[in-house]
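First up is the structure itself, then whatever we jot down about it.
The values are calculated or read from the model by the stated rules, or taken from the named source; none is laboratory data. Source: prediction; values computed, not measured. Methodologically, a virtual Cβ is constructed for each residue, glycine included, from the backbone with ideal geometry; neighbour enumeration extends over all protein chains shown. Each accessible area value is taken on the protein alone, full model and side chains, heavy atoms only, with ligands, DNA and RNA left out. Shrake-Rupley method; radii C 1.70, N 1.55, O 1.52, S 1.80 Å.
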Amino acid sequence: MSHIVEIKTQVKDVAAVQAACRRLKLAEPQQRTVKVFTTEATGLSVQLPEWTYPIVCDTSTGEVKFDNFGGAWGQQSHLDHFLQAYTVEKAKLEARRQGYTATEQLLANGSIQVSIHVGGAA
């Protein structure tokens, strides 16, 4: 039986953030307080490619704090790819924690289909 699930991403899992960074070949995230233009944010900081300021994942609330100045300081697509990678990695981690296996397939539109396999079914 197949089910379609839509997920609103809250970034709360440190291991999934780390896995997303490895997947995208980004530097390891660091727990710290960083300057984001004129303010500061505390959490797991992730430096996206060509972004002036890092994004900051507050894993206690799930919020991602960033300032890309409407695209002038960083392309939105880089953040979108990070959130997609985080979501895929989180789904796979949760599947493994439940004793299931997960496979993924890149779709033509850039989406990633994650299939969770229960028992021996593949």
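Out of GLY62, GLY71, report the one residue that is out of contact with any Cys (no Cβ under 8 Å at 6 or more places or on another chain), small (Gly, Ala, Ser) and either crowded, with 17+ Cβ neighbours inside 10 Å or farther than 14 Å from ALA15 by Cα (or both).
On the way: GLY62 fails: either crowded, with 17+ Cβ neighbours inside 10 Å or farther than 14 Å from ALA15 by Cα (or both).
Step by step, each of GLY62, GLY71 is checked, and only GLY71 is out of contact with any Cys (no Cβ under 8 Å at 6 or more places or on another chain), small (Gly, Ala, Ser) and either crowded, with 17+ Cβ neighbours inside 10 Å or farther than 14 Å from ALA15 by Cα (or both).
Determine, yes or no, whether THR38 is more than 29 Å from SER115 (Cα to Cα), modelled with pLDDT under 95 and either of a type outside the set (Gly, Ala, Ser) or in contact with a Gly (Cβ under 9 Å, 6 or more places away or on another chain) (or both). Spelling it out, THR38 is indeed more than 29 Å from SER115 (Cα to Cα), modelled with pLDDT under 95 and either of a type outside the set (Gly, Ala, Ser) or in contact with a Gly (Cβ under 9 Å, 6 or more places away or on another chain) (or both). Going by the conditions given, is GLN84 touching a helix residue (DSSP H, G or I) at 6+ places or on another chain (Cβ under 9 Å) and more than 29 Å from GLN113 (Cβ to Cβ)? Answer is no for this residue.
On the given criteria, is ASP13 open to solvent by less than 50 Å² (accessible area, probe 1.4 Å), of a type in the set (Asp, Glu) and either within 20 Å of HIS117 (Cα to Cα) or within 12 Å of the chain's Cα centre (by Cα) (or both)? Against the criterion (open to solvent by less than 50 Å² (accessible area, probe 1.4 Å), of a type in the set (Asp, Glu) and either within 20 Å of HIS117 (Cα to Cα) or within 12 Å of the chain's Cα centre (by Cα) (or both)), ASP13 qualifies.
Where strands (runs of 3 or more DSSP E) fall wholly inside region 1-70, the ranges with 1 or more residues that are within 16 Å of LYS90 (Cβ to Cβ) are 39-46, 55-58, 63-65.
Of the residues making up region 89-110, at least one is over 26 Å from THR39 (Cβ atoms), part of a loop (DSSP other than H, G, I, E, B) and open to solvent by less than 50 Å² (accessible area, probe 1.4 Å).
If the condition is being over 15 Å from ALA27 (Cβ atoms), charged (D, E, K, R) and out of contact with any Asp or Glu (no Cβ under 7 Å at 6 or more places or on another chain), then region 46-91 contributes ASP58, GLU63, ASP67, ASP80, GLU89.
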